[in-house]
Amino acid sequence: MFGYRVPAPDEAMLISGGRRGLGGAPFRVVTGHGKFVLPVFRKTRFLTLSMNEAEVVENCVTRQGIALRVRAVIAFKVGNDTESIVNAGQRFLSDQDQMSVLTGRIFAGHLRSIIGSMTVEEIVTERQKLATEVLDTSKSEMAKIGLHVDSLQIQSIDDGDTGYIDAMSAPHKAAIQRQAQIAQAKATQAASEAEQEAARNQAEYARQTAIVQAQYSAEVEQAQAKAAQAGPLAEAHAQQEVLDARTELAERAAQLRQQQLVAEVVKPAEADAQRIRVLALAEAERMKIQAEAAASYDRVALDRMLIDQLPLIVKEAATGLSGANVNVLNGADGLGEIAAGLVGQGLTILDSVRNNLGTPAAQGQGQGQAPGQGEREAGDIKRYLGAPAGRGQAGGGKGDGPVEIQ
């Protein structure tokens with residue numbers, strides 16, 4: 001709109017003409033909003049409220065008489081209150097660049113006066129104290145001209161060619177260098193120890209790895225050797241089992257052959273020998289009986305005939321014995337029992353014939369033979385052969401073991 005003016009956010013609008021401003025100022029101050037300004041009759045100017053910078057480079061002398069060149073930077077601006085804007089507008093509105101020049105001169109003067117009351121050591125070690133004192137002493141003067149200082153920074157302090165600051169810092173430099181060297185030596189030693197420890201660890205790891213590899217190799221070789229021996233061992237075991245089986249089979253075959261030889265050769269031979277012994281014994285008995293009968297005048301002819309037939313009876317029994325399967329369980333005694341049994345059977349047959357014919361007592365008495373003489377003679381014959389009197393059963397001998405005839 002024609003005649004309506006609005007200041008920027010970092011500006012103050014100064015309207016001159018018409019009414020006066022605050023405190024009798026020749027202008028009114030407008031900030032933050034617009035204002036209708038009557039053309040021709042009113043005049044509008046703008047004052048910056050933004051941040052400004054002033055640099056100070058000043059040669060100063062300390063309390064010790066040592067010349068120092070100090071460089072500082074001041075950050076300042078026009079105050080936000082109306083009074084500060086009015087003070088700054090009356091002084092710098094026509095030439096706002098003069099604010100930096102005037103500020104630098106003000107701070108240069110205060111900087112020289114404060115440094116003159118301090119030593120080099122205090123200036124170097126207490127820069128913030130120096131800046132604070134300069135700000136405090138210049139604050140009232142800056143407020144009079146409508147300016148507000150935000151910060152003051154001492155950027156550098158130089159003593160030129162005197163070398164005082166270098167000499168002052170020499171002990172500290174030496175101490176720092178010494179500490180740096182010690183620290184470097186410790187670091188080098190620590191690095192060397194770390195390297196040695198790393199080398200030892202690597203060597204130990206390599207040793208353990210070699211041991212483990214050797215153990216693995218030994219186990220692998222042992223397993224391979226066992227695997228290589230497994231085949232021959234298994235074959236040897238198999239051959240040994242075959243040999244054992246063959247040996248056992250040969251032993252069984254030998255035992256079977258021995259049993260066959262006993263059954264085919266020994267037992268038939270023993271049976272034949274026993275048969276011959278039985279026949280010989282029967283023949284001897286026959287001859288004995290014949291001798292006794294010839295000596296006995298009262299023996300009847302029937303007894304002679306039966307006695308003559310006794311060897312035949314025994315022979316027939318012995319012939320049946322030769323074809324029989326005889327198991328002799330008590331050795332020679334058993335064979336004697338068999339022979340005695342055969343003879344006893346023959347005598348039993350003789351007694352049976354006598355009893356059936358009715359000759360034992362009558363004939364003996366008719367011929368002058370004493371009663372019971374025939375029985376006594378038969379008992380004598382049986383006792384001679386080893387058979388009990390009155391028994392005609394096979395196996396009645398004196399042997400302790402049984403005799404089985406099949």
Hydrodynamic radius by Kirkwood for segment 118-176, inverse mean 1/r across distinct Cα pairs, in Å, is 13.6 Å
One would report the Cα pair-distance distribution of segment 89-192, bin width 10 Å, in %, as 12, 30, 22, 17, 11, 6, 2, 0
Cα pairs beyond 19 Å in segment 124-269, in percent, come to 83 percent
Given 275-283, 215-223, the highest-first ranking by average Cβ count within 10 Å works out to 275-283, 215-223
Surpassing 28 Å at the alpha-carbon level, of the pairs LYS267/LYS288; LYS77/LYS129; LYS43/LYS77; LYS129/LYS173, are LYS267/LYS288
Order by accessible surface, 1.4 Å probe, largest leading, for residues THR82, THR103 comes to THR82, THR103
Expected field for PHE41, accessible surface area in Å² at 1.4 Å probe radius, rounded to 10, holds 140 Å²
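The values are calculated or read from the model by the stated rules, or taken from the named source; none is laboratory data. Keep in mind it's a predicted model, so treat the numbers as computed, not measured. Ideal geometry is used to build each Cβ from the backbone, glycine not excepted, and the neighbour counts take in all protein chains shown. The area values use the complete protein model at the heavy-atom level, side chains included, leaving out ligands, DNA and RNA. Shrake-Rupley method; radii C 1.70, N 1.55, O 1.52, S 1.80 Å.
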